[in-house]
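Undergrad: I'd like to ask you about the structure that follows.
The values are calculated or read from the model by the stated rules, or taken from the named source; none is laboratory data. Computed from a predicted structure; not experimentally measured. Backbone-built Cβ (ideal geometry, glycine too); neighbour counts: all protein chains shown.
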Amino acid sequence: MKTEIGVDKTSEPTTEREDVSSRVDLAVALGEVSMANPVMPASGCFGPELAHLLPLEQLGAVVTKTVFAVERAGNPAHRLTETAFGMLNSVGIPSPGSERFRNGLLRQYQAGSGNVVVSVGGLFTQEYYTIAEDLADEDIAALEVNVSCPNLEHGGLAIGTSPQGVADVVQGIRGITDLPLFVKLTPTVSSIGEIAKAAEDAGATAVTVSNSFSGLAVNIYDRASALGSGAGGYTGPAVKPLALKLVHDAAQAVDIPVIGCGGISTAEDVIEFLIAGATAVQIGTATFTRPTAMSEIIADLEPLCHRLNVSKISELIGTLDTPTPSRNLS
Ligand SMILES: Cc1cc2nc3c(=O)[nH]c(=O)nc-3n(C[C@H](O)[C@H](O)[C@H](O)COP(=O)(O)O)c2cc1C
């Protein structure tokens with residue numbers, strides 16, 4: 001049901017952080033995962049090494065970089081290149097493997113934050129089950145299942161491009177653990193709603209929409225890709241409208257919560273995603289350009305909610321007042 005949002009159009013946006021007298025409730029829930037605010041880092045974009053800039057407990061949750069069951073090297077250099085409105089990366093998910101992760105990095109995350117979400121991946125369906133088994137007894141809030149990894153059983157296409165592929169991965173993990181499962185979808189599909197529904201039917205607690213977009217940058221002097229592995233994942237401000245549309249479409253298709261991700265860099269962006277249907281958000285590239293971005297965004301949410309006349313941020317979720325944007329045929 002849509003609620004009326006009383007936006008005070010006379011109030012000027014201010015860059016100063018305001019003194020807020022009556023508190024706004026920023027809490028949201030992703031299934032049984034309760035979060036003090038809707039902000040968490042996107043996988044691969046924030047780690048405990050940045051805790052001196054942003055105490056992890058300020059965040060609604062932390063999300064680890066995708067972990068594979070076995071140790072993997074990443075892609076060859078160059079792994080990152082800046083573009084006009086975003087960033088291309090082909091880091092290639094280097095992974096310490098589940099044993100070294102559990103005895104090292106995971107403990108650092110757990111020391112700093114209440115909700116630790118571990119992102120898991122696999123190049124084969126079975127690999128997802130192995131890492132889920134390895135982590136089943138750990139004290140973590142949720143697994144984020146990254147179905148954007150290339151699936152080597154099916155010619156390297158991401159598992160997340162097939163509803164059946166997503167169902168197999170999610171159902172299999174569901175049979176291994178009762179942990180809440182966030183399923184992180186790839187944007188490179190013709191119907192994100194269909195894939196999100198497949199994840200929901202297979203037992204997902206929430207879907208994360210979305211991973212990076214496939215992109216290319218060319219060095220015109222040597223006529224080669226600017227990235228060592230060829231193409232990469234495009235992220236940052238340019239993808240925000242694309243991700244917003246995907247979030248809206250996914251939220252229309254499922255009853256489970258949607259986590260918005262793509263190009264978010266301000267509190268206003270967060271609110272846009274909530275209105276479009278997200279319950280929580282993840283922030284990636286903004287942290288690379290402004291390491292304190294998430295802290296500033298969280299501080300700005302409360303005064304912004306005041307200006308929007310909402311006492312609970314969750315009142316904004318899914319309140320987009322428009323006919324379905326997907327009918328726009330232009
Ligand atoms: C350097 C880098 C590494 C990333 N590593 C992962 C990863 O390991 N797993 C994953 O699911 N997404 C990964 N992502 C994608 C982000 O989590 C996020 O989906 C994407 O960057 C879009 O959000 P943004 O526009 O806020 O950056 C990575 C992105 C970047 C830029």
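Undergrad: Kindly provide the set of residues from segment 175-189 that are in contact with a helix residue (DSSP H, G or I) (Cβ under 9 Å, 6 or more places away or on another chain) and either more than 17 Å from Gly31 (Cα to Cα) or surrounded by fewer than 20 Cβ atoms within 10 Å (Cβ to Cβ) (or both), ordered by number.
TA: Those that are in contact with a helix residue (DSSP H, G or I) (Cβ under 9 Å, 6 or more places away or on another chain) and either more than 17 Å from Gly31 (Cα to Cα) or surrounded by fewer than 20 Cβ atoms within 10 Å (Cβ to Cβ) (or both): Gly175, Ile176, Thr177, Leu185, Thr186, Pro187, Thr188, Val189.
Undergrad: Would you say Thr188 is closer than 19 Å to Ala42 by Cβ, modelled with pLDDT of 95 or more and within 18 Å of the chain's Cα centre (by Cα)?
TA: Spelling it out, it is not the case that Thr188 is closer than 19 Å to Ala42 by Cβ, modelled with pLDDT of 95 or more and within 18 Å of the chain's Cα centre (by Cα).
Undergrad: Out of Val258, Val239, Val254, Val247, which single residue is aliphatic (A, V, I, L, M), within 11 Å of the ligand (Cβ to nearest atom) and modelled with pLDDT of 95 or more?
TA: When all the criteria are applied, what remains is Val239.
Undergrad: Among what's in segment 272-289 and is near the ligand (Cβ under 10 Å from one of its atoms) and not in a helix (DSSP H, G or I), pick the residue that is nearest to Asn89 (Cα to Cα).
TA: The residue in question is Gly284.
Undergrad: If I go through segment 261-271 residue by residue, how many of them are closer than 17 Å to Ala42 by Cβ, surrounded by 20 or more Cβ atoms within 10 Å (Cβ to Cβ) and more than 10 Å from the ligand (Cβ to nearest atom)?
TA: 1
Undergrad: Follow-up question, since we're still on this one. Suppose we keep only residues that are part of a loop (DSSP other than H, G, I, E, B) and in contact with a Pro (Cβ under 7 Å, 6 or more places away or on another chain) within segment 60-71. Which one would you say is surrounded by the fewest Cβ atoms within 10 Å (Cβ to Cβ)?
TA: Going through the qualifying residues, I end up with Glu71.
Undergrad: Among the listed residues Thr289, Thr285, Thr279, which satisfies the condition of being surrounded by fewer than 22 Cβ atoms within 10 Å (Cβ to Cβ) and among the β-branched types (Val, Ile, Thr)?
TA: Exactly one residue qualifies, and that residue is Thr289.
Undergrad: Would you tally the residues in segment 205-224 being more than 15 Å from the ligand (Cβ to nearest atom) and within 19 Å of Ala158 (Cβ to Cβ)?
TA: Here the count works out to 1.
Undergrad: Counting only residues that are in a loop (DSSP other than H, G, I, E, B) and crowded, with 19+ Cβ neighbours inside 10 Å, which one in segment 143-161 is modelled with the lowest pLDDT?
TA: Step by step, filter segment 143-161, then rank; the result is Asn151.
A quick yes/no check of all residues on (1) polar (S, T, N, Q); (2) in a loop (DSSP other than H, G, I, E, B); (3) farther than 25 Å from Pro76 by Cα:
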site: Ser190; (1), (2), (3): yes, yes, yes
site: Glu194; (1), (2), (3): no, no, yes
site: Glu200; (1), (2), (3): no, no, yes
site: Ala204; (1), (2), (3): no, yes, yes
site: Thr208; (1), (2), (3): yes, no, yes
site: Ser214; (1), (2), (3): yes, no, no
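Undergrad: Go through the residues of segment 235-258 one by one and say whether even a single one is under 19 Å from Asn115 (Cβ atoms) and not in a loop (DSSP other than H, G, I, E, B).
TA: yes
Undergrad: Could you list all residues from segment 199-224 that are out of contact with any Lys or Arg (no Cβ under 9 Å at 6 or more places or on another chain) and crowded, with 24+ Cβ neighbours inside 10 Å?
TA: Within segment 199-224, Ala199, Ala206, Ser212 meet the criteria.
Undergrad: Still on this model: Tell me, please, whether a residue that is within 14 Å of the ligand (Cβ to nearest atom) and in contact with a Leu (Cβ under 6 Å, 6 or more places away or on another chain) can be found in segment 49-70.
TA: yes
Undergrad: Another question, if that's okay. Name the single residue that is nearest to Ala61 (Cα to Cα) among those in segment 72-120 being aromatic (Phe, Trp, Tyr) and either in a loop (DSSP other than H, G, I, E, B) or touching a residue at least 40 places away in the same chain (Cβ under 8 Å) (or both).
TA: Tyr109
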